[in-house]
Amino acid sequence: MTGAPSVLIVEDNAPMRALIRSLVEGVSSAVHECADGETAVELYGRLHPDWVLMDVKMGGMDGIAATQAIRRSDPEARIIIVTECLEDEYARAASAVGASGFVGKENLLALPGLLAGRSDQGDAP
């Protein structure tokens, strides 16, 4: 990847989605959004963004299942789980389906650094 990355934000809460967008659009070449896992899988297949910022708890297909579906279609997909669910079970589930990272919603300021390739950002599972 050269230049600024493209990003897909998957978040069912519109104000939270807008907040995440405001934090990452300065380090992104394009930002796409959706509110559920099914749409995320469809958009990923069409847009192939460099990064996906994926919520866990959403109606319909949750973020873990959507991450698994995206990684099944593209093993190189880079997906950061962005959630308020910081329990170990969610971190283990995210890791098991191939998530690239795990960021708590109280640590959203880490997202620009992660997208820019600074690995010292984010939360440990």
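The values are calculated or read from the model by the stated rules, or taken from the named source; none is laboratory data. This one's a predicted model, so the numbers in the text were calculated from it and none came from an experiment. Glycine also receives a Cβ, built like all others from the backbone with ideal geometry; neighbour counts cover every protein chain displayed.
Can you give me the ranges of the helices (runs of 4 or more DSSP H) entirely in region 1-73 with at least 2 residues that are more than 20 Å from ASN107 (Cα to Cα)? Full working, then the answer.
Numbers: elements: 14-24, 37-47, 63-73.
Counting at least 2 such residues, we get 37-47, 63-73.
May I ask you to list the residues in region 71-113 that are surrounded by 14 or more Cβ atoms within 10 Å (Cβ to Cβ), of a type in the set (Ser, Thr, Tyr) and within 16 Å of VAL52 (Cβ to Cβ)?
THR83, SER95, SER100, listed by residue number.
Could you check, for region 14-37, whether at least one of its residues is polar (S, T, N, Q) and without any contact (Cβ under 8 Å) to a residue 12 or more places away in the chain? Walk me through how you get there before you give the answer.
Initial filter on region 14-37 (polar (S, T, N, Q)): 22, 28-29.
Remaining after also requiring without any contact (Cβ under 8 Å) to a residue 12 or more places away in the chain: 22.
Among the residues of region 14-37, at least one is polar (S, T, N, Q) and without any contact (Cβ under 8 Å) to a residue 12 or more places away in the chain, which makes the answer yes.
I'd like to check something: does region 11-26 contain any residue that is within 14 Å of the chain's Cα centre (by Cα) and at pLDDT below 90?
So far as region 11-26 goes, no, none of its residues is within 14 Å of the chain's Cα centre (by Cα) and at pLDDT below 90.
Considering only region 74-92, how many residues are in a strand (DSSP E or B) and either more than 16 Å from LEU8 (Cα to Cα) or in contact with a strand residue (DSSP E or B) (Cβ under 6 Å, 6 or more places away or on another chain) (or both)?
4
Could you tell me which residue of region 27-68 is farthest from LEU115 (Cα to Cα), considering only residues that are β-branched (Val, Ile, Thr) and at pLDDT 95 or above?
THR39
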